[in-house]
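> Before anything else, here's the structure in question.
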């Protein structure tokens, strides 16, 4: 009874909730996601609506974001992704009404992977949005390694689940805070991940909303990000003599983004904002930007460039560059794909490793863990679930990137040849 009285005294959503007219919405899921969205809200980013949702009613109450959705009873998920998932399923009607209305065309989902609410609930919300043909982009964080293998294992499982339900997925590696901001005080270093996330979201919104001389609109962004897999987004600013180099480096070498090889990107969108004044950009300078960006990106299948002239006199000689690169493979992320000897990964592939559009299979609530440390329950074991095809065997010292160029059938023949067994009588 005391718990019920406590929860009834918490104002979760505005009483006079009105349908939001914004086409872009940003929702924070769980503790980490809510912190990130609260930071963005405090930066007065315009052109989108912010929502926070959590299973922890007390944490939800502390957020300055006015639009809140409580998941479940409000007592937290206890680091259990199943509880987070079920709480989101229970709140589907509320989420659909307040987040996925008819005005919403693009949804950013932010979450910290490795806990209960973000890991479990984010894929549910993403799946709801994707089924409504809303452009769905998730920006999530990996836990610190010192949080333990269990947290990292949950994070990896959550990321694999989320990848199925979004158009684009961007991963921020918290571990890099030590590498790039090791000398900062803790209270100054932790917000850096939120700053990177906020800058990425703000950059996308400005691309869509600000008309350009060479224009990039929502349709262009959707073409770049729809069903595009892993993504990288960055924004850079430069002034003075080295303004071009500084802006490009900041945009394409963000320290907390993962180490993708930009030359493997399938789609690249670059938006350049410059002043419409005597300190603006010369044609030679524009050519310099194009050549320097090409050094990073190579020849992407789909390249789009936009230019915005900013008439604000305060812009001076400043150059702003926003970059979106998509179409990367999950196998390029060592933190996600490095696996130990004996790990078994269930996949829906045909026997020689090429993905086929098979029928959807209803999986049980708790499936075998896909990636994790070797233990007695997953060492060299074949797991067949329903009509799924045989598992992928990962050999010692290998990760997914080693296997991309060799089919399972060819690999099996090679293994038999190496062992002296041709497979024939």
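The values are calculated or read from the model by the stated rules, or taken from the named source; none is laboratory data. Computed from a predicted model, the values in this text were never measured in an experiment. Note that each Cβ is placed from the backbone with ideal geometry, even for glycine, and that neighbours are counted across all protein chains shown.
> If residue 199 satisfies every condition in (1) modelled with pLDDT under 90; (2) under 17 Å from the mean Cα position of the chain (by Cα); (3) outside any helix (DSSP H, G or I) but one, which is the exception?
All conditions are met except number (3).
> I would also like to ask the following. Given the criteria over 24 Å from residue 236 (Cα atoms), in contact with a strand residue (DSSP E or B) (Cβ under 6 Å, 6 or more places away or on another chain) and surrounded by fewer than 19 Cβ atoms within 10 Å (Cβ to Cβ), does residue 147 qualify?
Taking the combined requirement at face value, the residue does not satisfy it.
> Sort through 292, 222, 284, 304 and tell me the only one that's over 22 Å from residue 196 (Cα atoms) and under 23 Å from the mean Cα position of the chain (by Cα).
304
> Same structure again: What pairs come up if the first residue lies in the range 208-228 and is surrounded by fewer than 18 Cβ atoms within 10 Å (Cβ to Cβ), the second is in a loop (DSSP other than H, G, I, E, B), and their beta carbons are under 7 Å apart, counting only those six or more places apart or on different chains?
Listed pairs, sorted by first residue: 209/47; 218/105; 226/167; 227/167.
> Follow-up. Determine whether the range 114-133 contains at least one residue that is touching a residue at least 60 places away in the same chain (Cβ under 8 Å) and closer than 27 Å to residue 267 by Cα.
For the range 114-133, residues touching a residue at least 60 places away in the same chain (Cβ under 8 Å) and closer than 27 Å to residue 267 by Cα: present.
> Would you check which residues across the range 196-244 are touching a helix residue (DSSP H, G or I) at 6+ places or on another chain (Cβ under 7 Å) and over 24 Å from residue 41 (Cβ atoms) and list them?
216, 217, 230, 238, 244
> Of these, 105, 43, 70, 58, which one is in the same structural domain as residue 196 (by TED's automatic domain parsing) and closer than 16 Å to residue 127 by Cα?
Of the residues listed, the single one that is in the same structural domain as residue 196 (by TED's automatic domain parsing) and closer than 16 Å to residue 127 by Cα is 105.
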